[in-house]
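Chemist: Below is the structure I would like to discuss, written out as structure tokens.
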Amino acid sequence: MTRTRRALRTGAILGAATLILTLGASPLFVSGADHLDAPSLGHVSVDPTGNVSVVKVNGPLDINDVYVFKSPTAGKTVLAMTVNPAINAVVGPRSFASNGTYTFNIDLSGDARVDRRIVVTFGQSDDGVQHYLVRATGKTVASGNTGSLTNTNNRDGWRAFAGRRSDPFFFDLLGFLGSVRGQGIRRLDDGKQSDFFIGLNTLGIVLEVPNSYLGGTGHKIGVWGTTAWHDAQGWHQADQMGRPAINTVFNAAAADKEAFNQTAPSSQPTAMGGKFRSNVIATLQALSALSGTAYTTAQAGAIASLLLPDVITYTVGSTAAGPLNGRGLADDVIDVELNLVTKGAVPTDMIGAHTDYLASFPYLGKPH
């Protein structure tokens, strides 16, 4: 089915979508995949005249997206994390946090618990350049300076890059804010589809990891990203993300979003008396009603069991097909998730992948 034909179905249900979502379902994709997903990180809003407001509170530690896909280099897997959204459009720090950690958590046994950690840390900015270290299970495997592909020291088959890049995420955010939240003057069905992220930059961390570190080719792993910061009182987790938009979509209350970012994936299905699982089920039933036949509690529960814990599952060495088997840069995860949560009623945002992805390392497009 073409995007044009699918859009006709989308336009037919938007009035109902606005009504249902305004009455209490979660704010669908309010801030993109995971950009500014909780009050302590920031928010995006649009006023009645269409002016966009992007407020960042903890930008350098705010995870936008996490990617896991097969590297063009034989025997390698790419792990990527983008943080600090809209650094070319919003006032605020444009570097990585020198008092923080950026961690790729790896589950090798399928229990959503950490078996291996890849931790990236950064030094103070020196005229915009930061030195970074990549440690895998406590061992330094790569180091370098931000923004450089040549001033690096890679070991044991690893490769690393960190620095400013084009944001790879693609989504008609303003159309959704108008259709779902009643903010601004745009709507999803107004024929003026636009990719909010097409011109924005972010900070990216990209690693090429030997498959052997991930259990070997064919091994099924789980991956999620976390960020944390340190002060005199100790370490504090700032953000957490696996699959795109889980916290953003299913946890409507600010307190739930904050709690979700602090809850280990293995505990997410049962934490707070099953609060997160209940949120997923309630949101699925509300949004699937747009199709004319809402998910039953049993159906919504089965999907909730798929979405929680919030971990990207991936078979090492396979072609990524996000969001259920890794996630490639061009995977249209928004369309997949729209189809799922609305039971096909809203099949697409009619926005396609960016054209600036690179065929070679570090894969993320050059900054604008």
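None of the figures in this text is laboratory data; all of them are computed from the coordinates on show. None of these values were measured; they are calculated from a predicted model. Glycine also receives a Cβ, built like all others from the backbone with ideal geometry; neighbour counts cover every protein chain displayed.
Chemist: Rounding to the nearest 20 debye, state how big the charge dipole of the stretch 329-368 is about its Cα centre with +1 on each Lys and Arg Cβ and -1 on each Asp and Glu Cβ.
Modeler: Values: 2 positive and 6 negative charges, 12 e Å.
Using Cβ point charges on Lys, Arg, Asp and Glu, the stretch 329-368 gives about 60 debye.
Chemist: Report, in debye and to the nearest 20, how large the dipole of the stretch 3-341 comes out about its Cα centre when Lys and Arg carry +1 and Asp and Glu carry -1 on their Cβ. Before the final figure, lay out the partial values.
Modeler: Working: 27 positive and 26 negative charges, 105 e Å.
So the dipole magnitude of the stretch 3-341 works out to roughly 500 debye.
Chemist: Work out the length of the dipole vector of the stretch 253-368 about its Cα centre, built from +1 on the beta-carbon of each Lys and Arg and -1 on the beta-carbon of each Asp and Glu, and round it to the nearest 20 debye. Walk me through the intermediate numbers first.
Modeler: Details: 6 positive and 9 negative charges, 52 e Å.
My answer is approximately 240 debye.
Chemist: Continuing with this model, one more query. What shape does the stretch 53-143 have by the C-alpha gyration tensor, where a ≥ b ≥ c are the square roots of the eigenvalues, rounded means a/c under 1.5, and otherwise prolate means a/b greater than b/c and oblate the rest? Could you put the intermediate results ahead of the total?
Modeler: On the way: a/c = 1.89, a/b = 1.57, b/c = 1.20.
Verdict is prolate for the stretch 53-143.
Chemist: Still on this structure, please answer the following. Taking the Cα centre of the chain as the origin and placing charges on Cβ (Lys, Arg +1; Asp, Glu -1), which of VAL336, TYR102, MET272 is farthest toward the positive end of the dipole?
Modeler: Sorting the options by dipole projection puts first VAL336.
Chemist: Residue by residue through the stretch 62-79, which ³J(HN,Hα) values in whole Hz follow from phi under the Karplus form 6.51 cos²θ - 1.76 cosθ + 1.60 (θ = phi - 60°), with glycine and proline marked x?
Modeler: 8, 7, 7, 8, 10, 10, 9, 7, 5, 7, x, 7, 4, x, 10, 10, 9, 10
Chemist: Take the alpha-carbon positions of the chain, form their convex hull, and give its projected area averaged over all directions (one quarter of the hull surface) in nm².
Modeler: Values: hull surface 71.3 nm².
Averaged projected hull area, Cα only: 17.8 nm².
Chemist: Taking amide H positions as placed 1.01 Å from N in the peptide plane, with prolines and chain starts having none, which residues 5 or more places from ARG159, or on another chain, fall under 5 Å of its amide H?
Modeler: When sequence neighbours closer than 5 places are left aside, the close amide H contacts are GLU208.
Chemist: Additional query: Search the structure for amide H atoms under 5 Å from the amide H of ALA320, placed 1.01 Å from N in the peptide plane, and list their residues when 5 or more places away or on another chain.
Modeler: LYS70
Chemist: Here is a further query. Return the whole-Å distance between the Cα centroid of the stretch 249-313 and the Cα centroid of the stretch 83-110.
Modeler: 25 Å
Chemist: Can you compute 3J(HN,Hα) from phi for each residue in the stretch 344-360, using the Karplus curve 6.51 cos²θ - 1.76 cosθ + 1.60 with θ = phi - 60°, rounded to whole Hz and x for Gly and Pro?
Modeler: x, 5, 10, x, 6, 9, 6, 10, x, 4, 5, 10, 9, 4, 9, 6, 10
Chemist: Going by average Cβ density within 10 Å per residue, which order do the peptides 161-168, 74-81 take, highest to lowest?
Modeler: Descending packing order for the listed peptides: 161-168, 74-81.
Chemist: Can you give me the long-range amide H partners of GLY182? Hydrogens built in the peptide plane at 1.01 Å from N, cutoff under 5 Å, separation of 5 or more residues or another chain.
Modeler: Correct list: empty.
Chemist: So which aspartates and glutamates can LYS192 reach, going by Cα to Cα under 16 Å and dropping same-chain residues fewer than 8 places off?
Modeler: Within the straight-line cut-off, LYS192 pairs with ASP172, ASP349.
Chemist: Let me ask something else. What ³J(HN,Hα) values, in whole Hz, does the Karplus curve 6.51 cos²θ - 1.76 cosθ + 1.60 give for the stretch 196-201 when θ = phi - 60°, with x put for Gly and Pro?
Modeler: Along the stretch 196-201, the couplings run 4, 9, 4, x, 9, 9 Hz.
Chemist: Then there's this: Would you work out which of THR82, TRP235, SER360 lies farthest towards the positive end of the dipole of the chain, given +1 charges on the beta-carbon of Lys and Arg and -1 on that of Asp and Glu, about the Cα centre?
Modeler: SER360
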